[in-house]
Amino acid sequence: MKQHFQNLVDEEEATIDLTPMLDVVFIMLIFFIVTASFVKEAGIDVNRPEAATAVKKDRANILIAISDKNEIWINKRRIDERAVQANIERLYAENPQGSVVIQADKKATTETLIKVMDASRSAGVFDVSIAAQE
């Protein structure tokens, strides 16, 4: 009887408690979710012009698309050209390290492109790039 009781005590001491390991895994998961930078899309596919000197731009958080019909898209929403500056100011306030990348279609007019560039500079963002294909 004493031997049987001793075996039960040994089995209880031999179990592994997984609670601390699960806590660490959940804390790491929360850390990676909070620190991840999410890619934002402009909302439409744009047929960009080609450029031999195109360079990949890092940390481009404010994407603005101009369609072939001169429609301006930000965050999957069509934006009136008078509201572009306010939208850029709001997005820039959320991420001051970000830059503006304008994805203009080949058939978009230069006038619309200049209006978007002026609106971004008026919003206080001077790091403005134009997207092109390599």
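So here's what we get for this one:
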| quantity | calculated |
| --- | --- |
| Global geometry of region 74-134, whether rounded, prolate or oblate, following the gyration tensor of its Cα atoms and the 1.5 cut on a/c | prolate |
| Heavy atoms of Asp80: accessible area, 1.4 Å probe, square angstrom to 10 | 70 Å² |
| Estimated inter-spin distance, Asn75 and Ala36, nm [label 7 Å along Cα→Cβ] | 1.9 nm |
| Pairwise label distance in nanometres, Thr19 with Ala132, each label 7 Å out on the Cα-Cβ vector | 6.2 nm |
| Extension gain from Arg90 to Ile27, taking 0.36 nm per residue of separation minus the Cα-Cα distance | 19.6 nm |
| Computed FRET value (nearest 0.05) for Asp68 with Arg121, which takes r as the C-beta separation and R₀ as 22 Å | 0.35 |
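The values are calculated or read from the model by the stated rules, or taken from the named source; none is laboratory data. Computed from a predicted structure; not experimentally measured. Cβ: placed from backbone, ideal geometry, glycine included. Neighbour counts: every protein chain shown. Please note that ligands, DNA and RNA were not included when accessible areas were found on the heavy atoms of the full protein model with its side chains. Shrake-Rupley method; radii C 1.70, N 1.55, O 1.52, S 1.80 Å.
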